[in-house]
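Asker: For reference, the structure I am asking about is given below.
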Amino acid sequence: MSKVPIAVAYGDGIGPEIMSACLHILTEAGAQIEPHVIEIGEKIYLQGHTAGITSEAIDVIHKTRVFYKAPITTPQGGGFKSLNVTTRKLFNLFANVRPCVSYHPFIETKYPGLDVVIVRENEEDLYAGIEHQQTPEVYQVLKLITRPGTERIIRYAFEYARAYNRKKVTCMTKDNIMKLTDGLFHKVFDEIGAEYPEIEKEHWIIDIGTAKLADTPEQFDVVVTLNLYGDILSDMVAQIAGSVGLAGSANIGPKIAMFEAIHGSAPRRAGQNLANPSGLLHAGIMMLVHIGQPEVAERVHNAWLRTIEEGHHTYDIFREGISREKVGTKEFAQAVVRNLGKQPEQLRAVRYTQEGGPAKVIAIPPYERNKRPQKDLIGVDVFVEWTPGHPKDLAERIQAVLPPSLKLTMISNRGTAVWPNTVEETFLVDHWRTRLLTREGTPIRHEDVIAALQGYQRAGLDFIKTEHLYRFDGVEGFSKGQGE
Ligand code: NAD
């Protein structure tokens, strides 16, 4: 077999030690890989590259299409962009896959039966990073959820479950509150889930779902969720499994994939041969499956399980009475190498090659755009900055200047409707949404919106943004105000 070129970054802090240990294990196990070392992280940031990566390094990743990455240190202070967010977006790494397993009784955990894979959407949601300060008192961030992005991650979760013989996929959203954005995620989960009749499906609201997951993780299998929820859930589950030093993650895109440990560069432990290389090793195992070397992945994983059973433990998982010896990074790697070819005796051995292993490479079909829906403009939300006063005064000023096609139907403050019905107790800030809707029920035109804004200007109202109100195939594409 010819060697598969991979981009490798040794990273910062404990990165170089754990990467050396992992590459040693993978190579000894027979991995056919050809590392192309790139520099990323602290040094590159401090040279003035605000994303922590150079264009040369990006070229190497583009060529190899596989990136094995050790953790990096993001320098303190402003102006530095997250390397992880940059690489995810740059290489279209839409799926973040993080298997979390507990290794009872060899690694201390309150959850002996935990075996959960979190599949997190990696590019959308609040991480689009579109933020504005709109008034002296109010800041906003845009949460963007797209149908193509949602279809892709949900399908990935079901395909993953099928490939790895997982029985259930749980979707978590907050669609009781965010009916359009999280609602789309839930709806697409139901639509696509119907194509996988052999897999059990369930949906939890994220708050109670998280509580259930923290309480009885053994009842969960694959969990698919939006970016922010997934970010929080995946760290939580990794931690309760035993240690953040154990879990690896795969960031998968249509062409390129990145594999890394979930933990950071642990600078205080750097250079002392202390760190646990297991998280990065698990990422390496996922990488081997991804590049079509599942038999090597299996050898490494089973040797690792055997090493954990034998009690050769780094400081983070070492427990008197459970562990046999406290080892350093290098000694841990040597123990894994000694165990290559052996199976665990008590922990369940993994199979990546036979039945029960990945049936195939997970391929997601390209997005197919449906027939474009009929889109009708039926109104506009005009946001204004206005020193808190009585909503009826604001309403009167607006009503005096509106074009005949539009009527004022609602004013809200922080999302709560405060006009036409006003509750004196509602707390008010300087940021008001004024909802204008078509008077006749028929679609309006951009000219009507512009005429309305000219009216606001004449009335001396400081409009700060607009959101158009559409109907798509007759269905309203906007939420009502709370209490409207
Ligand atoms: P961290 O994950 O580096 O450390 C958290 C705790 O876990 C520390 O007590 C550390 O000693 C321990 N720990 C982490 N990995 C370990 C391992 N392999 N073996 C043993 N113990 C381990 O998180 P932090 O301290 O918040 O961040 C340190 C730096 O890492 C920061 O600069 C941060 O920006 C960066 N970071 C990078 C990544 C990444 O590159 N993917 C992810 C998270 C944090």
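The values are calculated or read from the model by the stated rules, or taken from the named source; none is laboratory data. None of these values were measured; they are calculated from a predicted model. Virtual Cβ from ideal backbone geometry, glycine too; neighbours counted across all protein chains shown. Just so you know, the surface numbers come from the protein's heavy atoms only, side chains and all, with ligands and any DNA or RNA stripped out. Shrake-Rupley method; radii C 1.70, N 1.55, O 1.52, S 1.80 Å.
Asker: Answer rounded, prolate or oblate for segment 343-429, using the Cα gyration tensor with square roots of eigenvalues a ≥ b ≥ c: rounded when a/c is under 1.5, else prolate when a/b is larger than b/c, else oblate.
Answerer: On the way: a/c = 6.54, a/b = 2.38, b/c = 2.75.
Since a/c reaches 1.5 but b/c is at least a/b, the shape of segment 343-429 is classed as oblate.
Asker: Please give me, ordered by residue number, the GluC sites (Glu not before Pro) of segment 394-482 that lie in loop per DSSP and have at most 15 other Cβ atoms within 10 Å.
Answerer: Values: sites: Glu396, Glu424, Glu425, Glu440, Glu447, Glu467, Glu476; in loops: Glu424, Glu425, Glu440.
Passing both the DSSP loop test and the Cβ count: Glu424, Glu425, Glu440.
Asker: Hey, another quick one. Quick one: which residues, 5+ away or cross-chain, put their amide H under 5 Å from the amide H of Cys171? H built at 1.01 Å from N.
Answerer: Sorted by chain and number, the residues that satisfy this are Glu202, His203, Trp204, Val224.
Asker: Quick one: with all protein chains in place, what share of the accessible area of segment 330-484 is carbon or sulfur, to the nearest percent (1.4 Å probe)? Each step should come with its number before you reach the end.
Answerer: Numbers: 4540 of 9280 Å².
Its accessible area is 49 percent carbon and sulfur atoms.
Asker: Counting heavy atoms of the protein chains only and a 1.4 Å probe, report the per residue accessible area for segment 110-240 as a whole number of Å².
Answerer: On the way: 5590 Å² over 131 residues.
Averaged over the residues of segment 110-240, the accessible area is 43 Å².
Asker: Give the average over all directions of the projected area of the C-alpha convex hull of the chain, one decimal, in nm². Walk me through the numbers before you get to the answer.
Answerer: Working: hull surface 105.7 nm².
Its average projected convex-hull area is 26.4 nm².
Asker: Along Cα→Cβ, 7 Å out, is where each label goes; now give me the distance between the ones at Leu90 and Met236 in nm to one decimal.
Answerer: Label-label distance for Leu90 and Met236, simple model: 3.2 nm.
Asker: Before anything else, pin down the relative contact order of the chain: Cα pairs under 8 Å, at least 6 apart, normalised by residue count, whole percent. Could you put the intermediate results ahead of the total?
Answerer: Values: 1019 pairs, mean separation 76.4, N = 484.
Normalised by residue count, the contact order of the chain is 16 percent.
Asker: If you take the charge dipole of the chain about its Cα centre, with +1 on Lys and Arg Cβ and -1 on Asp and Glu Cβ, which of Leu402, Ala21, His186 is farthest toward its positive end?
Answerer: Ala21
Asker: Then there's this: Whole number please: convex hull volume per residue of the Cα set in segment 375-476, in Å³?
Answerer: Working: hull volume 9.5 nm³, N = 102.
Expressed per residue, the convex hull around the Cα atoms of segment 375-476 is 93 Å³.
Asker: Once phi is turned into ³J(HN,Hα) by the Karplus curve 6.51 cos²θ - 1.76 cosθ + 1.60 with θ = phi - 60°, what whole-Hz value does each residue of segment 218-235 show in order, with x for glycine and proline?
Answerer: Computed from phi, the couplings for segment 218-235 are 5, 8, 10, 10, 9, 10, 10, 7, 6, 4, 5, 4, x, 4, 6, 4, 5, 5 Hz.
Asker: Let me ask something else. Measure off 7 Å from each Cα along the Cα-to-Cβ vector at Gln219 and Lys255, then give the distance between these two points in nanometres to one decimal.
Answerer: 4.4
Asker: Between Leu142 and Lys3, how high is the FRET efficiency from 1/(1 + (r/R0)^6) when r is the Cβ-Cβ distance and R₀ = 51 Å? Nearest 0.05.
Answerer: Numbers: r = 44 Å, r/R0 = 0.87.
My answer for the efficiency is 0.70.
Asker: Right, something else. Bin by bin, in steps of 10 Å, what percent of the Cα pairs in segment 272-352 do you find, going until the bin that has the longest distance?
Answerer: 20, 50, 27, 3
Asker: If you don't mind, there's one more thing I want to ask. Nearest 20 debye, what's the magnitude of the dipole of segment 174-279 about its Cα centre given +1 on Lys and Arg Cβ and -1 on Asp and Glu Cβ? Please list the in-between numbers first.
Answerer: Details: 8 positive and 15 negative charges, 122 e Å.
For segment 174-279, the charge dipole is close to 580 debye.
Asker: Taking only protein heavy atoms into account and a 1.4 Å probe, give the accessible area per residue of segment 360-484 in Å².
Answerer: Values: 7350 Å² over 125 residues.
Per residue, segment 360-484 has an accessible area of 59 Å².
Asker: Further, regarding this structure: Let's see if you can work this out: charge +1 on each Lys and Arg Cβ, -1 on each Asp and Glu Cβ, no other charges. What is the dipole magnitude of the chain about its Cα centre, in debye to the nearest 20? Don't skip to the end; give the middle numbers.
Answerer: Numbers: 54 positive and 60 negative charges, 164 e Å.
For the chain, the charge dipole is close to 780 debye.
Asker: Write out the trypsin sites (Lys or Arg not before Pro) in segment 419-470 meeting two conditions: DSSP loop, and at most 12 other Cβ atoms within 10 Å of their Cβ.
Answerer: Working: sites: Arg433, Arg435, Arg439, Arg445, Arg458, Lys465; in loops: Arg439, Arg445.
Answer in residue order: Arg445.
Asker: I've got another one for you. Take the Cα of Lys212, step 7 Å along the line toward its Cβ, and report every residue of segment 156-184 whose backbone nitrogen sits under 19 Å from that point.
Answerer: Flagged as within label range: 157-158, 161, 166-178, 182-184.
Asker: Looking at segment 110-240 from every direction and averaging, what is the projected area of its Cα convex hull in nm²? Walk me through the numbers on the way to the answer.
Answerer: On the way: hull surface 35.0 nm².
Orientation-averaged projected area of the Cα hull: 8.8 nm².
Asker: Another question, if that's okay. Cα centroid distance between segment 366-411 and segment 211-261, in Å?
Answerer: For segment 366-411 versus segment 211-261, the Cα centre distance is 40 Å.
Asker: Quick one: go through segment 175-198 and flag any residue whose amide nitrogen is under 17 Å from the point 7 Å out along the Cα-to-Cβ line of Asn370.
Answerer: 180-195
Asker: While we're on this one: Enumerate the amide H contacts of Ile378 below 5 Å, restricted to partners 5 or more residues apart or on another chain; note that Pro and chain-start residues carry no placed amide H.
Answerer: Long-range HN contacts for Ile378: Ile444, Leu469, Tyr470, Arg471.
Asker: What ³J(HN,Hα) values, in whole Hz, does the Karplus curve 6.51 cos²θ - 1.76 cosθ + 1.60 give for segment 465-474 when θ = phi - 60°, with x put for Gly and Pro?
Answerer: With the stated coefficients, segment 465-474 comes to 5, 10, 10, 6, 10, 10, 10, 10, 6, x Hz.
Asker: Just name one of His431, Phe383, Ala459: the one whose Cα is farthest towards the positive end of the charge dipole of segment 375-476 (beta-carbon charges, Lys/Arg +1, Asp/Glu -1).
Answerer: Ala459
Asker: Next question. Please report the carbon-and-sulfur percent of the accessible area for segment 231-320; probe 1.4 Å, protein heavy atoms only, DNA, RNA and ligands left out. All intermediate terms of the calculation are to be shown ahead of the outcome.
Answerer: On the way: 1410 of 2710 Å².
Roughly 52 percent of what the probe reaches on segment 231-320 is carbon or sulfur.
Asker: Here's another thing I want to ask about it. At a 1.4 Å probe radius, which order do Val401, Val188 fall into by accessible area, largest first?
Answerer: Ranked from most to least accessible, the order is Val401, Val188.
Asker: Further question: Taking the Cα centre of segment 110-240 as origin and charging only Cβ (+1 Lys, Arg; -1 Asp, Glu), how large is the dipole, in debye to the nearest 20?
Answerer: Values: 15 positive and 23 negative charges, 39 e Å.
Once rounded to the nearest 20, the dipole reads 180 debye.
Asker: Per residue, how much space in cubic angstrom lies within the convex hull of the C-alpha atoms of segment 433-484?
Answerer: Values: hull volume 5.6 nm³, N = 52.
Convex hull volume per residue, Cα atoms: 108 Å³.
Asker: Next question, about the same structure. Which whole-Hz ³J(HN,Hα) couplings does segment 102-119 yield from phi under the Karplus relation 6.51 cos²θ - 1.76 cosθ + 1.60, θ = phi - 60°, glycine and proline marked x?
Answerer: 9, 10, 4, x, 8, 10, 4, 7, 7, 10, x, x, 6, 7, 10, 10, 8, 10
Asker: Still on this model: Could you list which residues have their amide H under 5 Å from that of Phe94, counting only those 5 or more apart in sequence or on another chain, with H placed in the peptide plane?
Answerer: Excluding prolines and chain starts, which carry no amide H, the hits are Ile252, Gly253.
Asker: For the pairs Lys69/Lys330; Lys167/Lys480; Lys63/Lys201, flag any whose C-alpha to C-alpha distance is greater than 27 Å. Intermediate values should be presented prior to the final figure.
Answerer: On the way: Lys69/Lys330 19 Å; Lys167/Lys480 38 Å; Lys63/Lys201 38 Å.
Over 27 Å apart, Cα to Cα: Lys167/Lys480; Lys63/Lys201.
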